[in-house]
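Report on the following structure.
The values are calculated or read from the model by the stated rules, or taken from the named source; none is laboratory data. Since we're looking at a predicted model, the values are computed, not measured. Cβ sites come from the backbone with ideal geometry, for glycine too, and all protein chains shown count toward neighbours.
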Amino acid sequence: MIMKMKVCANRAKVAISSEKSVFTPFKRFITRLKTPYIKPIVTVCRACLILLFFIGTAKAELYKYLSEDGVTVLDSHVPARYVKNGYTILSADGRVLEVVPRALTEEEIRARDRMLAAQQQKEKLKQEQKIADQNLLRIYSTPEDVIRARDTKITSIDNFIRTSQGNLQRLESQKRNLESTLANIERAGGTIPEDPLNRIRHVETRIRTTEREIIEKRTEMKALEKSFATDLQRLKQLYGAREG
């Protein structure tokens with residue numbers, strides 16, 4: 001407060017000094033006019049000049065910052081070496097106009113960036129969930145629709161697996177018969193022809209293909225069961241929220 005009063009007192013002195021220097025030739029001119037209105041005119045002009053001076057200086061700004069010794073300093077500017085520590089901009093009458101925070105440390109910058117990345121990821125997941133919910137409500141009218149769709153697909157996959165298992169049994173039986181025929185020829189001391197060997201190779205290829213398809217369909221069935229369970233649970237939540 002004392003510092004503020006000193007600043008104002010100094011400015012008042014400057015105003016009076018400036019007023020005197022500016023009005024010196026003007027007063028000489030007025031003195032020569034010899035009219036009864038000279039003194040009031042001079043008084044009014046002096047008051048106007050002082051008022052204009054304070055209006056101009058009222059817009060001036062002060063900067064408050066801490067020195068390296070921890071001392072609070074008021075100045076017309078902030079030295080470059082103190083800018084990173086932050087500072088406060090004050091009006092001529094001491095009002096706070098702006099508070100400039102100190103510069104962040106490297107660790108604080110990394111923490112800020114991590115927080116921003118987490119917020120962006122959270123917002124991204126939120127938007128993706130919103131789109132998924134809209135698609136879910138567009139596909140299924142009720143939770144029962146999810147159950148019916150699940151049962152239809154699971155039944156279709158199960159039928160495929162059963163059919164493939166039947167085909168696999170027939171292929172394995174066919175392979176055994178071919179191998180038995182070749183074994184009989186070999187025991188009889190005959191020459192094994194190339195055609196039965198090619199047929200066995202073909203059957204073995206079909207067996208491997210069928211086994212792979214069965215494994216893939218079982219994996220697909222588990223994934224579908226999990227997916228439908230998730231959709232069903234989410235749809236119940238959405239309809240529960242609507243009803244609530």
| Restricting the search to segment 68-118, which residues are among the basic types (Lys, Arg) and part of a helix (DSSP H, G or I)? | Arg81, Arg110, Arg112, Arg114
| In segment 160-215, how many residues are in contact with a Phe, Trp or Tyr (Cβ under 9 Å, 6 or more places away or on another chain) and charged (D, E, K, R)? | 1
| message | Exactly one of these conditions fails for Leu90: (1) more than 30 Å from Lys217 (Cβ to Cβ); (2) over 31 Å from the mean Cα position of the chain (by Cα); (3) exposed (fewer than 11 other Cβ atoms within 10 Å of the Cβ). Give me its number. | response | (3)
| Within the group Thr105, Thr142, Thr88, which residue is of a type in the set (S, T, N, Q) and touching a helix residue (DSSP H, G or I) at 6+ places or on another chain (Cβ under 8 Å)? | Thr142
| Which members of segment 156-180 meet the condition of being among the hydroxyl-bearing types (Ser, Thr, Tyr) and surrounded by fewer than 15 Cβ atoms within 10 Å (Cβ to Cβ)? | Ser156, Thr163, Ser173, Ser180
| request: Output the number of the condition that Lys153 fails; it satisfies all remaining conditions of (1) at pLDDT 95 or above; (2) more than 24 Å from Arg234 (Cα to Cα); (3) surrounded by 13 or more Cβ atoms within 10 Å (Cβ to Cβ). | output: (2)
| task | Considering only residues that are surrounded by 11 or more Cβ atoms within 10 Å (Cβ to Cβ) and either on the phi > 0 side of the Ramachandran plot or of a type in the set (A, V, I, L, M, F, W, C) (or both), look in segment 216-243 and name the one that is nearest to the chain's Cα centre (by Cα). | result | Leu238
